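Colleague: Quick one: the structure is below, questions incoming.
The values are calculated or read from the model by the stated rules, or taken from the named source; none is laboratory data. Everything quoted here is computed from the prediction, not taken from an experiment. Positions of Cβ are backbone-derived with ideal geometry, glycine not excepted, and every protein chain shown enters the neighbour counts. The protein model used for the area step is the full one, side chains on, heavy atoms only, and it has no ligands, DNA or RNA in it. Shrake-Rupley method; radii C 1.70, N 1.55, O 1.52, S 1.80 Å.
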Amino acid sequence: MKSLPFALAGVLLGVSVSGALGISAGLEKMRAARQGWQLVPVVVAAVDLKAGDVVSMEVISQRAIPEQFVGPSMVRPDEASFIVDRRLTTPLLAGDAVLWASFLDPPWASAFSACVTHVKPLVDARATEVEPPRLDAVKANARSFDGPPPALDVPPDGRVVTVRRTLHEGDVLQDSDLAVVTVPPLLRVVSLVPASERPLVVGARLLVELEPGDLLRWQMLDDAEAPSTVAGCEATVGLDLAAARTEAARAAAKQWVDRQHQPKDTP
Amino acid sequence: MTPSPPPAKLPGPVVFLISFFLGSGCVGLVGGAAAWTLAKRAELNARRGWYLVPVVVAAKDLTPGTLVTMETVTQRSIPEQFVTDSTVKPDSVKDVIGRPVTSPVAAGEALRWSLVSRIEGFIPVKHGEVFDACADEVGRRWAGDVDQTPAAQRARVRRLEAP
């Protein structure tokens, strides 16, 4: 009987402490569960609107959505006065949240679009000018394809050349791109480049894309200077063409931008 | 026959501690289950009426000129009441991949067709040299006039003269 007061006091304190902690944790959990779902009003288009339409109170309304879906781009109802009587630069469908961007015609976007429209045909024309003569020149310079590549034997020890890094079509092989691995007897075929021929393939042009660990094959290579295959000619011309296109694009874009700039600077 | 010894009495503080842990354990169990049920109910109540559908959203803050790639956008579910044909849906993401956004888009905000540059016959990843040249030159020329964030756009619209 002497321990009864101790037991009662213990139970009472335990229940109170645990109850207080439990209530507080429960409330916190309920708050977390509701987080992001509190409703926040935003301005939406009440009807379909076209670019150029002027916004009035009749064509917009407000809709409450959970706060987690409201972004800084959206116009809130207390700021609706700033968009009334303004002209839209982009169309809105009924129910679309009205964005601040809907009233701006970003100079970057229209200038970029105009620049592309101006530059792309010039670049395409330049490529047409460059490609056929260059291809003819490369083909004229090409060696005649004289039989199989110099893979004389299947490497008996199975040691063949592989690549160390990702290589792209048209790349010229460097010694540091290559490694040697041993392949099992079943995979030893004549197309693989034996380790002993490694110096021969350094400086060759790659005709395909390779990932690290891919085994190098003779069919994937051609002479970088005087290609002997159609693919080799195309790869060589392709690189020249890419350089010509880049150069033409840079020049045309700069010229176009300078021309847009000029009237503003000229008094 | 030897009488059995009287049961050993536990000291008061030990009884207190055992009772404390027993009491708090019981209340903790019951309270925990109740809190979990209430939280679940609160979450269900908060979500009631919102049917979520997946859309394409910015994975990070995008500034004008940023190319849409699989790294810069992601998929998120938003209430269907807020999704219209203006919104880019996941099954159309291929039509915006590789194209630049024309306006800033905050992380988590849905991508709209009107916010992506789509020029007839021009695919930036295919015509990389044209894209790079125009993006660089135009970016250099108009750098100061481009709003990099939605907040800057908001400020600009608020400053606009009445038409």
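Colleague: Among the listed pairs A:Lys29/B:Lys94; B:Lys89/B:Lys126; A:Lys50/B:Lys89; A:Lys254/B:Lys126; B:Lys60/B:Lys126; B:Lys60/B:Lys94, give every one whose C-alpha distance is greater than 29 Å.
Modeller: In this structure, A:Lys29/B:Lys94 lie more than 29 Å apart at Cα.
Colleague: Let me ask something else. How high is the relative contact order of region B:1-156, given as a whole-number percent (alpha carbon pairs under 8 Å, six or more residues apart)?
Modeller: Value for region B:1-156: 21 percent.
Colleague: Then there's this: Considering the options B:Ser24, A:Val163, A:Ile65, tell which one lies farthest towards the positive end of the dipole of the protein assembly as shown, charges being +1 on Lys and Arg and -1 on Asp and Glu at the Cβ, about the Cα centre.
Modeller: Checking the options against the dipole of the protein assembly as shown, the answer is B:Ser24.
Colleague: Amide H neighbours of B:Thr69 under 5 Å, counting only residues 5+ apart in sequence or on other chains, H built in-plane at 1.01 Å?
Modeller: Those lying under 5 Å, H to H, from B:Thr69 are B:Gly98.
Colleague: Once A and B are treated as a pair rather than alone, how much accessible area drops out, both sides summed, in Å² to 100, probe 1.4 Å?
Modeller: 6100
Colleague: Also, quick follow-up: Would you mind pulling out the separation of the Cα centroids of region A:96-134 and region A:60-88, in Å?
Modeller: Between the Cα centres of region A:96-134 and region A:60-88 lies a distance of 31 Å.
Colleague: What Kirkwood Rh does the protein assembly as shown have if only Cα atoms enter the pairwise 1/r average? Answer in Å.
Modeller: 28.6
Colleague: Once both axes come from the Cα atoms, what is the angle between helix A:230-265 and the longest principal axis of chain A, in degrees from 0 to 90, rounded to 10?
Modeller: Taking the Cα atoms of chain A, the angle to A:230-265 is about 50 degrees.
Colleague: Only Cα pairs under 8 Å and at least 6 apart count here; give the relative contact order of chain A as a rounded whole percent.
Modeller: That works out to 16 percent.
Colleague: Okay, moving on. Go through region B:130-146 residue by residue and turn each phi into a ³J(HN,Hα) via Karplus (6.51, -1.76, 1.60, θ = phi - 60°); whole Hz please, and just put x for glycine and proline.
Modeller: 5, 4, 4, 5, 5, 4, 5, 5, 5, x, 5, 6, 9, 3, x, 9, 9
Colleague: Mind listing the long-range amide H neighbours of A:Leu178? Cut-off is under 5 Å, sequence gap 5 or more, other chains count too, H placed in the peptide plane at 1.01 Å from N.
Modeller: Those qualifying (amide H under 5 Å, at least 5 residues apart or on another chain) are A:Arg164.
Colleague: Percent of accessible area on region A:81-137 owned by carbon and sulfur, 1.4 Å probe?
Modeller: Using a 1.4 Å probe with all protein chains present, region A:81-137 comes out at 58 percent carbon and sulfur.
Colleague: Computed from the mean reciprocal separation of all distinct C-alpha pairs, what Kirkwood hydrodynamic radius does chain B have, in Å?
Modeller: 21.3
Colleague: Taking Cβ-Cβ under 4.7 Å as the only way to count a partner, pick out the unpartnered cysteines of the protein assembly as shown.
Modeller: A:Cys233, B:Cys26, each lacking another Cys Cβ under 4.7 Å.
Colleague: Taking +1 at the Cβ of each Lys and Arg and -1 at the Cβ of each Asp and Glu, which of A:Val40, A:Leu173, A:Leu186 sits farthest along the dipole of chain A towards its positive end, judged by Cα position relative to the Cα centre?
Modeller: Farthest towards the positive end: A:Val40.
Colleague: If you don't mind, there's one more thing I want to ask. Determine which aspartates and glutamates satisfy two conditions relative to B:Lys40: a Cα distance under 13 Å, and not lying fewer than 8 residues away in the same chain.
Modeller: By straight Cα distance, B:Lys40 reaches A:Glu28.
Colleague: What is the set of long-range amide H partners of A:Ile65 at a cut-off below 5 Å, with H atoms built 1.01 Å from backbone N?
Modeller: A:Val40, A:Val42
Colleague: At 1.4 Å probe size, with the rest of the protein present, what percent of the exposed accessible area of region B:104-143 is carbon and sulfur atoms?
Modeller: Carbon and sulfur together cover 49 percent of it.
Colleague: Quick one: Kirkwood hydrodynamic radius for region A:1-126, alpha-carbon pairs, angstrom, one decimal?
Modeller: Every distinct Cα pair counted, the radius reaches 19.6 Å.
Colleague: Still on this structure, I have one more. What list of ³J(HN,Hα) values in whole Hz, one per residue of region A:46-52 in order, does the Karplus curve 6.51 cos²θ - 1.76 cosθ + 1.60 (θ = phi - 60°) give from phi, with Gly and Pro shown as x?
Modeller: These are the phi-based 3J(HN,Hα) values: 7, 9, 5, 10, 9, 4, x Hz.
Colleague: Return the sequence-ordered ³J(HN,Hα) values of region A:156-173 in whole Hz as given by the Karplus equation 6.51 cos²θ - 1.76 cosθ + 1.60 applied to θ = phi - 60°, using x for Gly and Pro.
Modeller: x, 8, x, 8, 10, 8, 10, 10, 8, 9, 5, 10, 9, 4, x, 5, 9, 5
Colleague: When Cβ neighbours within 10 Å are restricted to other protein chains, what is their mean count per residue of peptide B:51-58?
Modeller: The shielding value for this peptide is 1.
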